[in-house]
Every structure is written in structure tokens, then in C-alpha cells.
1. Less than 25 Å apart at the alpha-carbon level, and either on another chain or at least 8 residues along: which lysines does that give for K156?
2. Carbon and sulfur: what percent of the chain's accessible surface (1.4 Å probe)?
3. Based on the Cα gyration tensor of region 23-127, what are the three equivalent ellipsoid semi-axes, each the root of five times an eigenvalue, rounded to whole Å and given largest first?
4. Counting DSSP beta bridges in the chain, what percent are antiparallel, to the nearest 5?
5. Under a 10 Å cutoff between Cα atoms, tell me which one of D153, D215, D121 has the largest fluctuation in the Gaussian network model of the chain.
6. By how many degrees, between 0 and 90 and to the nearest 10, does the Cα long axis of helix 75-84 differ from the longest principal axis of the chain?
7. Shape verdict for region 136-277, please, from the Cα gyration tensor: rounded (a/c under 1.5), prolate (a/b greater than b/c) or oblate.
8. Can you bin region 264-372 into rounded, prolate or oblate? Criterion: square roots of the alpha carbon gyration tensor eigenvalues sorted a ≥ b ≥ c, rounded for a/c under 1.5, prolate for a/b above b/c, oblate for the rest.
Amino acid sequence: MRNETLAVHAGRSIDPATGAVTPPIHLSTTFEREADGSYPHGYDYIRTNNPNREALEKCLCELEGGVAAAAFSSGSAATVSVFQALAPGDHVIAPNDAYTGTSALLRNVLAPWGLQVTFVDMTNPADVSQAIQPNTRLIWIETPSNPLLKITDIGKISAIAHQANALCVCDNTWATPIGQKPFNWDADLIVHSMTKYLGGHSDVLGGVVISRVEDDFFRRIKTIQTSGGAVASPFDCWLILRGIQTLPYRMRAHSENASKVATFLSDHPKVELVHYPGLKEHPGHEIAALQMPLFGGMLSFQVKGGREEAFALVAKVQLFTRATSLGGVESLIEHRASIEGLGTSTPDNLLRVSVGLEHPDDLIADLAQALG
Ligand SMILES: *Cc1c(COP(=O)(O)O)cnc(C)c1O
């Protein structure tokens, strides 16, 4: 079935007890067992499983074309579970422009735990091949990247990983299953921060790992989920499942609006450079056109001048909210270098934009008046 149909129906069914069309939220922490000790409904304790979490996991599996999923309390908890399923002493390769939270986890939590990490430019497959070591077990990719929207060729990096007997994991948060299907390009696992487009309304935190096969590695992730307990709550799962119902239509509009905003900005004399994979002049455009049915709702741009000019612009916007995060219905703008802090390589004149679902002409008018 197609995305739109899966988004509405996958993981959902009429509640047999009441006939409710919308699934009930199951808050019970515990479930009754039979006298013989069995659990006739398959649930025993909320940390192990819960009907709302199971429904969400099923829906995400179907949308990504995987076979198993594990939902976590945040995208970062999902990320950590993948690395913790490796063993101390294993080596991983990650992008040098990975989401700051992911790089921080690798540097501050997983490296002290014993994981070896090499950060490379993922847009250059030769650099990735060169970084392979005998103990390389996993290559992490994130495409489009944050905040420069660099595009990684998922198929090429998967092939390099598989040749080295390593796994290829794709953080698909920005593209979503509507804008990119990493399993079609041979990735082994997909990670999402559901806090962004999947939830879609800036009101819920969550993460998920989806697997192409149900193997020992995924079973370790599942053990980390159920034993570690960083699980998504029933209400959060319910909210995200609700959000997903409109995901295909939201993504179409996010992408269309972002494309219009990107074109406006790239024609503006006060803008130095626009980073949006849908623009023909974007260095990753050709690969993006191949692996992304939609270019997505995220873009960044560099104003002429420096930090001061960037700050002056964000001081004047009225429709865009100055805030971090992304993927909600409302447009956000952010001076990325400030949030990434000391040591960031993000240009000081760069602003990152999460293009929302307002009318694109209103968004463009706001940017036009702010650019002056
Ligand atoms: C936000 C984000 C994360 C982290 O997710 P949380 O839900 O905030 O923990 C990971 N990867 C990407 C690409 C993100 O944008």
C-alpha cells in the first residue's frame, strides 16, 4: 500500500471492546495473567510492552518497509540504543556534521564507554572507505545533514559498510519515510527523532529504531529498550500515531513551501548562499533527486555579512518564531552557531529554517521585510 493509506491505517484497528474508531490510550502498568501464569493478550508489564507503543511500532515498520521497530522516549535514547548494542572496543564511523546531540553522545558518553569513533565527511565515499578499520562495525549516516543540508549517497555508503561486514544506520529524521526510504538503498537500520515531523506539532518527544531484518543485533536493541526502560509513554505513542496520519500531506506542503522560500532567498541580493537540496545548484542535488521523492521542509541560508547581520534579520521576523527544533506546523528560524556553542564549524552568518505550513507567500513576505 502507498504512504497515504499506510499513514492512516497502519497500526490501527477498531477497538474490539468498545467499537471505538480512535484507539484508546492504555495507561495500565500491569496486565492480568491466567491461573496457569500465561498472558492471553500478550501484555504483562508496561515497560515490556503496551498496546499504544506496539501500534506505533507497527505503523512505523510499515511506513519504512521494515520488519521490527523499537520506540523510545526520545530520538537520542533511540540513537544510544543502537551504539550500545555494539560492544566496547568496536569502531564506528559517523558524519563530521552529525546532529550535535549525536556527536555529543558519541564523544561524551559512548567513547568513555569504549566505543571508537571516527568522524568523516560522509559526502565523500572515499573518505568513508579510508576510515574503515578491522573492528569497524557500524557506519552512521544522516541525510540531509544539519545544518548544511549535505546529501549522503545512502546506497554507496551501505555498500562500503556491507563490504566491511558492518551495518549502515540512517538517521532519517529530516527526510521522514515520505521523503526518503533508506531501506530501498540497503540501509540496515533507520532511526528517527519522532519529536520532529512524525509527531509534527511540536508537542511530543520520542524516538524509534526500525530494522530491515529481525536479527540478533536488533534483539539487543529491543533488550536495551525493554530492560533499560527509556520507552515512549502510552500518551506520547498515541500522539505520534495521530500525527503520522497526516504526515504524507504535511510533508508535501512542507516541501513545497521550503522550495518556494529557498528560491526566493537564493534570488535575494542580501543572501550569500542557500542550502536546500531541491535547488539545482546545491552540490548534493543530483543524489537527492535520486533518493528523495521530496526534498523536505528544512533549509539554511547565509546572509551577506556576519553574526550581526544574521542577528539583525532574526530580530525583525514576525511570522517565524526564533526557536530550535523542527518539523512542526509553525515556521522556526534559528541562529545555529549560537545553539551549537563553542567549537562549532557552522558559519556565523547562517540561519536554519524549519519551513512550516503557513501560506508560502506570507512566509516570503515576512523574510522580505526582515531582509529589508
Ligand atoms: C532532534 C534530532 C535528534 C534527537 O532527537 P530527540 O528526540 O531530541 O532526542 C536526532 N537526530 C536528528 C537529525 C534530530 O533532528
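The values are calculated or read from the model by the stated rules, or taken from the named source; none is laboratory data. For clarity, every value in this text was computed on a predicted model and none was experimentally measured. Neighbour counts run over all protein chains shown; Cβ positions are idealised from the backbone, glycine included. These area figures cover heavy atoms from the full protein model, side chains too; ligands, DNA and RNA do not enter into them. Shrake-Rupley method; radii C 1.70, N 1.55, O 1.52, S 1.80 Å.
1. Reachable lysines: K181, K280.
2. Numbers: 8440 of 15770 Å².
The value for the chain is 54 percent carbon and sulfur by accessible area.
3. Numbers: eigenvalues 266, 55, 30 Å².
They are 36, 17, 12 Å, listed largest first.
4. Numbers: 25 of 43 bridges.
Within the chain, antiparallel bridges account for around 60 percent of the total.
5. The residue with the greatest mean-square fluctuation here is D215.
6. That helix lies at roughly 70 degrees to the long axis.
7. Details: a/c = 2.48, a/b = 1.31, b/c = 1.90.
Oblate.
8. Details: a/c = 1.41, a/b = 1.20, b/c = 1.17.
Judged from the Cα gyration tensor, region 264-372 comes out rounded (a/c under 1.5).
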